[in-house]
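So the structure is just underneath, and the comments pick up after that.
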Amino acid sequence: MIILEKASRLSHSDEQRESGKQQVIDTIRAAGRIARIDISTTTRVSPATVTAITAELIDVGLIEEIIPEAPRQDAKRGRPRVALKIRGDAHRIAGIKVSHGVISVVILDFEGNDIVDHELPLTRGRMPVEDLCKTIMVALGQACDKGGFDVSTISGMGVGMAGMVDAKRNFVYWSSSLVERNVDFGTHLAQHAPCPIFIDNDANLVAKAEHLFGKGRNVSNFVVITIEHGVGMGIVIDNQIYRGTRGCGAEFGHTKVQLEGALCQCGQRGCLEAYVGDYALLREANITNGGAGHRDLGQLVEAAKSGDQMAGSIFDRAGRMFAMGLANVVNIFDPKLIILSGARLSFDYLYSDQVIEEMQRWVVQIDAPPPKVRVHNWGDLMWAKGAAAYAIEEVSALAIRELAAGDT
């Protein structure tokens, strides 16, 4: 297995070599299996250069040749075309999703195939940074034990968590999973982990999973809105995740829908999440009931279905607030597709026909159909797979950077 270390700053010529190698390996990964001549056609890189680059990638074990068996009737036509593919056993990559009640882990090979998955229930939704780092490593260790290999064989780890995250710096400004604010989480976790770490907002990683594996495949511009303990958003523009300058973009749950409104878990007032998040709905219900009664959202939903007017009014307002937020997203981004994802989508109060119709009334009206809204409740393991996909991309980039630097 290849050992990765962060390479030093590259010269301009190194950067060109790195870009060419990255383009080739990305093309191979996207195709699954592809011949050299087809790589050249796709990338518009000369066949000679493609041959040289792929030879290097084979030498360092990142890709491998697949020689198809020629049918007997084609035997006189010469040697069958050799295809290239990512070498799955080059690396093991971990993806971790930190949610309010569980840490979910998936481990993939370098080709993106599942090796093992595991979930560790949490007794605390929010913890000090060191406690969370140790808990993440416990979950990863249990997953590796389950797969029959050691944590030291993991080449990279992607971590998705709710909150405001600067992915470039692995820095967490705020997260509902952490007691502290402004945490250099990557540095803390690196003291426990044997491999490079890549941290991002969990909704961004859901968007990546949807783009690679889900309803966003072959869609270049779409929005994913996640509804769990809180409300998040991932944005794909021209096939790329949009994160904002500071990594704080796409905070849909913290857009303001009411001046000096309800208190949000981020510390501000009037956020959409403070009217739509499960904690907000239960808070309002229990305040109305004098602090007694509803322990979880399912119980509150059943009360509304049974005709409880108070519960029904809470969900009605949540749906109207959510419709307003969706309309704002459409008016700002005009996406082709909106995907609603998350555990709370087992309840339909946020995507009922009434909510979608209200959203469409508030969207700027033009003579063209509005974006499609689709529901996709994948579960935490698929969120973790998005984190692993992110780590695969970053480990690949590190390996290519080292290879390019070694050419000098």
| query | Of I197, G112, Y279, whose Cα points farthest to the positive end of the dipole of the chain (charges on the beta-carbon: +1 Lys, Arg; -1 Asp, Glu; origin at the Cα centre)? | reply | G112
| field | Gaussian network model of the chain, Cα within-10 Å springs - most flexible of G163, G61, G234 | value | G61
| message | Over the chain, what is the relative contact order in percent, taking alpha-carbon pairs closer than 8 angstrom and at least six residues apart? | response | 17
| request: State to the nearest 20 debye the size of the charge dipole of the chain about its Cα centre, where the only charges are +1 on K and R beta carbons and -1 on D and E beta carbons. | output: 680
| request: Taking only Cα atoms and a 10 Å spring cutoff, compute GNM fluctuations for the chain and point out the largest among T54, T43, T27. | output: T43
| request: Can you bin segment 352-408 into rounded, prolate or oblate? Criterion: square roots of the alpha carbon gyration tensor eigenvalues sorted a ≥ b ≥ c, rounded for a/c under 1.5, prolate for a/b above b/c, oblate for the rest. | output: oblate
| request: Could you check what % of the DSSP bridge pairs in the chain are antiparallel, to the nearest 5? | output: 60
| query | Using Cα atoms only, what is the angle between the long axis of helix 353-362 and the major principal axis of the chain, expressed in degrees (0 to 90) to the nearest 10? | reply | 80
| Anchor K208: lysines whose Cα lies under 28 Å away (excluding residues fewer than 8 positions away in-chain) | K6, K21, K85, K97, K134, K146, K168, K256, K336, K372, K385
| To the nearest 10 degrees, how steep is helix 380-406 against the longest Cα principal axis of the chain, on a 0 to 90 scale? | 40
| note | Each label sits 7 Å from Cα toward the beta-carbon; between R126 and D26 the label points are separated, in nm, by 3.9
| Heavy atoms of H118 accessible to a 1.4 Å probe, total area in Å² rounded to 10 | 30
| Using 0.36 nm per residue, how much length does the chain from T153 to V364 gain when fully extended, once their Cα-Cα distance is taken away? | 70.7 nm
| request: Keeping all protein chains in position, work out how much accessible area D348 exposes to a 1.4 Å probe, and write it in Å² to the nearest 10. | output: 90
| task | Might you report the magnitude of the Cβ-based charge dipole of segment 119-259 about its Cα centre, with Lys and Arg at +1 and Asp and Glu at -1, to the nearest 20 debye? | result | 300
| field | Dipole magnitude of segment 227-328 about its Cα centre (Cβ charges: Lys, Arg +1; Asp, Glu -1), debye to nearest 20 | value | 220
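The values are calculated or read from the model by the stated rules, or taken from the named source; none is laboratory data. Note that the structure is predicted; figures quoted are calculated from it, not measured. All Cβ positions, even for glycine, are placed from backbone atoms using ideal geometry, and neighbour counts span all protein chains on display. Accessible surface areas use protein heavy atoms only, side chains included; no ligands, DNA or RNA. Shrake-Rupley method; radii C 1.70, N 1.55, O 1.52, S 1.80 Å.
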